[in-house]
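Asker: This is the structure I want to talk about, given as structure tokens.
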Amino acid sequence: MTQFKDQTLLVTGAAGHLGRIAVEELLARGATRIVAGTRDVSKLADLAARGVEVRKVDFDDAASLTAAFAGVDRVLIVSTDGIGSRVAQQTAAVNAAKAAGVKHIVYTSAPAARPNPDAGIGFEHYWTELAIANSGLGFTILRNHMYAENNLADAAHVIASGQLFGLIGDRGTSYVTRADAARTAAGALLQCEGQTIEDVTGPAFVTNVDRAALYSQISGKPVQVIAVAPDQLQAGMVSAGIPEGFAGALVAFQKDAVTGHFGVVTDTVERYSGRKPATLADFLAANRPALGL
Ligand SMILES: NC(=O)c1ccc[n+]([C@@H]2O[C@H](COP(=O)([O-])OP(=O)(O)OC[C@H]3O[C@@H](n4cnc5c(N)ncnc54)[C@H](OP(=O)(O)O)[C@@H]3O)[C@@H](O)[C@H]2O)c1
């Protein structure tokens, strides 16, 4: 179902990893009026050469957004990486969409987005979701679960040391590849109506014990889980050089895996992208060099 493929579809953050894949997916699925928005239009010259209209879109420059959103029917707002500024940035984008007469917003949110003090950086997604809901427009909020790619940050070190540090009581995470999340977002832009919130997950939840077993299997080396308390995990991250605030956000994610917020499995990827989501095992097998193998 691609009933909106001939409408004007804007993807913000189109020079980012997810945004670019979403634009490629729109092209592949036959969208005819694609607008790729980015802060630096020179990065998308190749897309312009392929018939995509490229516009400057910078949520920090609210005044410029009027031109950026002009004539747009439906928009994929890719959440920014401006942690701490995202509520203002993304609310500016929602306001611009409404003022321009956009009919439907797709937004990349996060699982269990909530205003609670234990939500880590998830609170920014919650307030953005609220701004979208209050706009009165149609929306599809896609709560993208943890990217499979996040594991690549420390997988080589975990395999080399044979030790995977995680929280006591971990109940698993439904890792989804960034590409699956991006194709799902493109599919939602092409076909969704109404006002819905959807969790975007991989095909199964994977505990730290499962993940250690996968690393062991792929590397042929023993990998053991060392289960620790949140303050120990935070201290370990800081002593490994991770800035305190970021370490706090990473620990908050792991706490959500303990409470079960990340153990949800849905069929959203398949419904909107038309493909089954990749398993973590497949993803790791396709990324052996990043694992130091
Ligand atoms: N689920 C997860 O595990 C996970 C992990 C990491 C990040 N995320 C979230 O998912 C988003 C997309 O992931 P990604 O891998 O594509 O991230 P990325 O490659 O780091 O891209 C960052 C994105 O933020 C956009 N951006 C930054 N400042 C902006 C501004 N002032 N106005 C408009 N857009 C701005 C960039 O757009 P341009 O460069 O095109 O202007 C780009 O699309 C991230 O930005 C983050 O919010 C989720």
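Bear in mind that the values in this text are calculations on the coordinates, not laboratory data. In this text the structure is predicted, and so the values were computed from the model without any measurement. Ideal geometry is used to build each Cβ from the backbone, glycine not excepted, and the neighbour counts take in all protein chains shown.
Asker: What is the distance in Å between the Cα centroid of the stretch 195-222 and that of the stretch 83-101?
Answerer: The distance from the Cα centre of the stretch 195-222 to that of the stretch 83-101 comes to 33 Å.
Asker: Give me the one-decimal nm value for the distance between modelled label points at Ala99 and Ala286, 7 Å along each residue's Cα-to-Cβ direction.
Answerer: The modelled label-to-label distance comes out at 4.0 nm.
Asker: Note the full-extension length gain between Lys221 and Gln3 as 0.36 nm times their separation in residues minus their Cα-Cα distance, in nm to one decimal.
Answerer: Fully extending the segment from Lys221 to Gln3 adds 73.5 nm.
Asker: Can you return the aspartates and glutamates within cross-link range of Lys276? Criterion is Cα-Cα under 20 Å, with same-chain partners fewer than 8 residues away left out.
Answerer: Excluding near neighbours in sequence, the set is Glu24, Glu25, Glu149, Asp180, Glu198, Asp199, Asp267.
Asker: What is the spread of the Cα atoms of the stretch 135-293 along each of their three principal axes, largest first, in whole Å?
Answerer: Sorted from largest, the Cα extents of the stretch 135-293 read 48, 32, 24 Å.
Asker: How many nm is it between the label spots at Val228 and Asp118, if each spot is 7 Å from the Cα in line with the beta carbon?
Answerer: Between Val228 and Asp118, the label points sit 2.0 nm apart.
Asker: Another question, if that's okay. Multiply the residue gap between Lys56 and Lys43 by 0.36 nm, knock off their C-alpha separation, and tell me the result in nm, one decimal place.
Answerer: 3.6 nm
Asker: Quick one: net charge around Gly263, please, counting Lys, Arg +1 and Asp, Glu -1 for every other residue with C-beta under 11 Å from its C-beta.
Answerer: So the surrounding residues net to -2.
Asker: Given the Cα-Cα distance of Ala160 and Asp267 and 0.36 nm per residue of separation, how much length would full extension add, in nm?
Answerer: 35.1 nm
Asker: To the nearest Å, what is the center-to-center distance of the stretch 236-265 and the stretch 26-73, using C-alpha atoms only?
Answerer: Distance between centres, Cα-based: 34 Å.
Asker: Ok, one more. Taking just the C-alpha trace of the stretch 66-170, give me its Rg and Dmax in Å.
Answerer: Expressed in Å, the Cα Rg and Dmax of the stretch 66-170 come to 17.2, 55.
Asker: Near Tyr126, within a Cβ-to-Cβ distance under 15 Å, what is the net charge of the other residues, with Lys and Arg +1 and Asp and Glu -1?
Answerer: -2
Asker: Mind checking which lysines have their C-alpha under 25 Å from Lys43, skipping anything on the same chain fewer than 8 residues away?
Answerer: Lys5, Lys56
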